[in-house]
1. Of all residues in the stretch A:56-67, which are under 20 Å from A:ALA300 (Cα atoms) and open to solvent by less than 20 Å² (accessible area, probe 1.4 Å)?
2. Residues to consider are A:LEU69, A:LEU92; find the one that is at pLDDT 95 or above, under 15 Å from A:GLN248 (Cβ atoms) and in contact with a strand residue (DSSP E or B) (Cβ under 8 Å, 6 or more places away or on another chain).
3. Count, please, the residues in the stretch B:213-234 that happen to be within 22 Å of B:MET61 (Cβ to Cβ), loosely packed, with under 10 Cβ neighbours inside 10 Å and charged (D, E, K, R).
4. Any idea which of A:THR139, A:THR166 is outside the structural domain of A:PHE37 (by TED's automatic domain parsing), open to solvent by less than 10 Å² (accessible area, probe 1.4 Å) and under 26 Å from A:THR102 (Cα atoms)?
5. Looking at the stretch A:6-66, what helices (runs of 4 or more DSSP H) fall wholly within it and have at least 2 residues that are out of contact with any helix residue (DSSP H, G or I) (no Cβ under 6 Å at 6 or more places or on another chain) and facing chain B (nearest Cβ under 9 Å)?
6. Of all residues in the stretch A:331-341, how many are open to solvent by 30 Å² or more (accessible area, probe 1.4 Å) and of a type outside the set (Phe, Trp, Tyr)?
7. Got a sec? Which of B:VAL34, B:VAL10, B:VAL30, B:VAL16 is farther than 30 Å from B:LYS227 by Cβ and touching a residue at least 12 places away in the same chain (Cβ under 8 Å)?
8. Within the stretch A:83-99, identify whether any single residue is within 11 Å of chain B (Cβ to nearest Cβ) and either more than 20 Å from the chain's Cα centre (by Cα) or closer than 29 Å to A:THR125 by Cβ (or both), and answer yes or no.
Amino acid sequence: MDYLLTEEQVMIRDIARQIAQEKIKPVAAKYDAEGIFPWDIVKILAASDLCGIYIEEKYGGTGGGAMELVLATEELSKACGGISLAFAATALGTFPIILFGTDEQKQKYLPDIAKGKKLAAFGLTEAGAGSDAGAIATTAEKKGDYYVLNGTKQWITNGGEAEVYTVVASTNRSKGARGAAAFIVEKGTKGFEFGKKEDKMGIRASATRELVFTDCKIPKENLLGKEGMGFIVAMKTFDQSRPGVAAQAVGIAQGALDLTVEYMKERKQFGKSISSFQGLQFMLADMATQIEASRALIYACARMIDSGNSKVGKDSAMAKLFASDMAMRVTTDCVQLFGGYGYMRDYPIEKYMRDAKITQIYEGTNQIQRGIIANHLIKETAAK
Amino acid sequence: MNIIVCIKQVPDTTNVRIDPETNTLVRSGVQSIVNPFDMYAIEEAVRLKEKFGGLVTVITMGPIQAEEALREAISLGADEAVLVSDRAFAGSDTWATSYTLSKAVQKIGKFDLVICGKQAIDGDTAQVGPGVAAFLDIPQITFVKKIEEIKDSFIRAERMTEEGYDIIESPLPCLITVVKEINEPRLPSLKGKMRAKKIEIKKLEAKDLDADPDSLGLKGSPTKVVKIFTPPPRKGGQMLEGEAKDISERLVDLLKGDLCL
């Protein structure tokens, strides 16, 4: 389908596609099996100017937004949903600074991220606070010119690899969600350590670690927005970033479908290519249609964000929900179409199914997304 | 350090077919690409520029569509692009092409180094690079796999041979042709692509070249293509089996007999 992309968007998509097919695809299986963080790919993304495609020109980027981010994420994810995450999770960690940072904070952190010299990460989840983000137990106590952080963040994508972390902590636990605040924490700050690298089902080329804060002193200038705004920072960040997760899901699904169509043309049973069987053709048609519908929803949502419309919560939840559920179904069917070979690690398809699963879980489980969508619906009808 | 890179637009031979009637390439519907060996030439030039400063000018002789190849070179880091194009150049063989390119290089002006890919994947002659050097009357080092040292007016390079490599030193300006072992070409960058989109490509026609009109195009091409044919596939060999002594005797007999030693 022609989405009427700008010339620059076509260039971004083409560059990302070339990197994915020529550089990521050959290493995807190895990095997945051995859990190798894709620093070599990050360098290529940086040299190709892709790291700054959602960052303003005055901060070293090329001035795009959500649309550019989803185009690149989708292409990279076609080759590997784990490797693409070094890029996409950096965007998640950067959005709080883009959305709520002061000019000084942006000047200090965005240029290095735009150049690909530094990766970023976002730290919200804790052992006891996942979907219930208001229950965070990490504290930030103000002492003179500093905040002192204590607590542990869990399952942080890019943890340990990133240099810049945006972390949500509570300055007043008695206020619950309203007592939270967001901070920028640099790797190397005294009292900021990392837990072990998690051993995951999928996205295994991506690093997931705990962030451990023990009397970690950060300058008060690192507060993003104001005290009490932490939960808003997190929600507004997710509103922007969910199309990115959705794009990762679409990329994974499309990558799996592309492999499956190729395989079905080659694979012969009953003396014919299995692509000639109508029952299987119907499965292909359904998958392609679902992928395209997801893509259309994501692009519409990304364009809405880029138009400056701030009421994107419901739509970005829909995009994330629809695309990730679709990706799980499609990749499961792709494994089915590969038959016994599909279940074998020697073939690339089972990895897509493992990688797809996380997109239904992180950046808000799909149950939480349904809750967000329903809340918006109920509020909208109440307002009428 | 000012560098001129000569490139060629070629059909993507990974999916090219030969017309069985005419024995020529079926060009319709085949995508055009930058000759893969020239990608290494572009990369080496851009790396030298990044190290020593200066300008990388990329040049091609071909039809108007060859502009695409030049724009791709710009997206990979070249600074300027020159298209050498004229009906008068049609039918050029490697001799006339080398002559024309050398005239264009002289027109571009001062340069320290000319880099070419070792050969084009369509003609496979590996003659144009050396030919340009000859017409320019400058030294050449072919099949370069590594530039060991390069400074103001001196280059030392490793020249790949079948047995190993030669180390060759030369004054500058000089022309080198490169093999794929020399580097790993980068992928285009977004800023490079945007530059490539906008850049104005200089055009040189026959009248701009101070060239002898009789040395251009078909008229200037001593090569005459008499016949094009597909060589018949090699017939299967004959395997001799048994003890070494017996086999060698039978081999000698065979060579004496049918194969008329």
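The values are calculated or read from the model by the stated rules, or taken from the named source; none is laboratory data. Nothing here was measured: the structure is a model prediction, and the numbers come from that model. Don't worry about glycine lacking a Cβ; one is built from the backbone with ideal geometry, like all the others, and counts go over all protein chains shown. Surface accessibility is based on the protein's heavy atoms, side chains included, excluding ligands, DNA and RNA. Shrake-Rupley method; radii C 1.70, N 1.55, O 1.52, S 1.80 Å.
1. Residues satisfying the conditions are A:GLY65, A:ALA66, A:MET67.
2. After ruling out the rest, the residue left standing is A:LEU92.
3. Going through the stretch B:213-234 one residue at a time, the tally reaches 2.
4. Numbers: A:THR139 fails: open to solvent by less than 10 Å² (accessible area, probe 1.4 Å).
Step by step, each of A:THR139, A:THR166 is checked, and only A:THR166 is outside the structural domain of A:PHE37 (by TED's automatic domain parsing), open to solvent by less than 10 Å² (accessible area, probe 1.4 Å) and under 26 Å from A:THR102 (Cα atoms).
5. Helices (runs of 4 or more DSSP H) meeting the threshold: A:7-19.
6. Looking only at that region, the number is 5.
7. Answer to the check: B:VAL34.
8. No, that holds for no residue.
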